[in-house]
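Since the structure comes first, as C-alpha cells, the remarks are kept for the end.
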Amino acid sequence: MDENYALRKLNVGGTIFSTTKRTLTKCPGRLKMMVEHETVPGTDENGNIFIDRSPKHFELILNFLRNAKINLPDSLEEVKEIRAEAHFYALGDLKKLCDEKLAPGTRDHRNLKFIKNDYEYMQIVTKPVKPVFVFHYSPIEPDKFTFLYNFDIEDFLKEYRDKFDIYFSKSSKGQKQRESLWWWTMHHHNTYYEACDQQGVPGYIGVKLDIDRDIWRFSEMAGLE
C-alpha cells in the first residue's frame, strides 16, 4: 500500500479525525511538519497524534488541505475563529482567504439593500412601510470607497432592522459635494432627518454613538416609540 494513503488518526481536543498522510502533507504548515519530520506534540492512549486545539473547525481545515479551497461561512465571528486556527496550523493560503472575507471592501453583502437610482429612492422614501434609514456613500475615486471607521454595519443591521428599512445609496455626480464621504438620512412620512460622519470635529463621540443619538432625535421628531 502506498504510504501516502496510509490512514492517520488525529485526536484534536478529544475528537478523533481520520485522514491520510497525503492530505496532511499537501500544504506547507504545522501538520505537514508534524508528519514529515515527526515533530508530534504528543499522542493519546491509542497512539493517535494529539493536538490541544478546539475540534470545531478541524474538518474544515482538512477539507481545505484536500481541495486547496473552501467555502467560508457567512458568520464573520466563525471566520475569525477559522483564521485563528489557520494561524496556528501555519496555513497561509487559508489565512489569506479569511482576511479577504473579513475585509470590509470584499465582504459578500448579500443582506444589504442598495438603491439603484433617484426614482427608486423617491419610491422608497415617499411610500414607507416603516421608517427608512439610508446610508449615503461617496467614492473617493471611481469604484473605490472609504468606510466608516470603527463601525460594524452588520451589527447595526441586527440592532435596527426591526425599526427601520435600511438602505445604501451611492452619491450621484450631480449631488452637492460634501466634506464627509458618508452621511445618513431618515424618513417617515413628512419627517426628514439628515446628519453626517463628524470624525475630526471637536466633540466627536464616535460614529456609532453619533448614529444612535441621531436615531433618538429622529424618533422624537417623528413620534416613534
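What is the gain in length, in nm to one decimal, between ARG161 and ASP44 on full extension, counting 0.36 nm per residue of separation less the C-alpha to C-alpha distance?
Values: separation 117, 0.36 × 117 = 42.12 nm, distance 4.89 nm.
Computed gain between ARG161 and ASP44 is 37.2 nm.
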Item to check | Proximal lysines relative to LYS69, as straight alpha-carbon distance under 20 Å, when same-chain residues fewer than 8 apart are discounted | outcome: LYS21, LYS26, LYS32, LYS56, LYS80, LYS95, LYS96, LYS101
Checklist outcome for this item: In vacuo Debye sum over C-alpha of segment 3-106, base-10 log of normalised intensity I(q)/I(0) at q = 0.15 Å⁻¹, listed in q order, is -0.60
Checklist entry - Hey, which lysines would be in cross-link range of LYS170, C-alpha to C-alpha under 17 Å, not counting anything within fewer than 8 residues on its own chain? => result LYS113, LYS116, LYS144
Next on the checklist: Cross-link candidates for LYS163: which aspartates and glutamates have Cα within less than 19 Å, leaving aside residues fewer than 8 places away along the same chain?
Outcome noted: ASP152, GLU154, ASP155, GLU194, ASP210, ASP212, ASP214, GLU220, GLU225
Next on the checklist: Can you give me the long-range amide H partners of ARG53? Hydrogens built in the peptide plane at 1.01 Å from N, cutoff under 5 Å, separation of 5 or more residues or another chain.
Outcome noted: GLY13
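Of all beta bridges DSSP finds with both residues in segment 3-106, what is the antiparallel percent, to the nearest 5? Each step should come with its number before you reach the end.
Numbers: 7 of 10 bridges.
If I count the DSSP bridges inside segment 3-106, around 70 percent turn out antiparallel.
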Next on the checklist: Taking 0.36 nm per residue of sequence separation and subtracting the Cα-Cα distance, how much length would be gained by fully extending the chain between TYR192 and ALA222, in nm to one decimal?
Outcome noted: 10.0 nm
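No lab work stands behind these numbers, since they all come straight from the coordinates. This structure is a prediction, so every number in the text was calculated from the model and none was measured.
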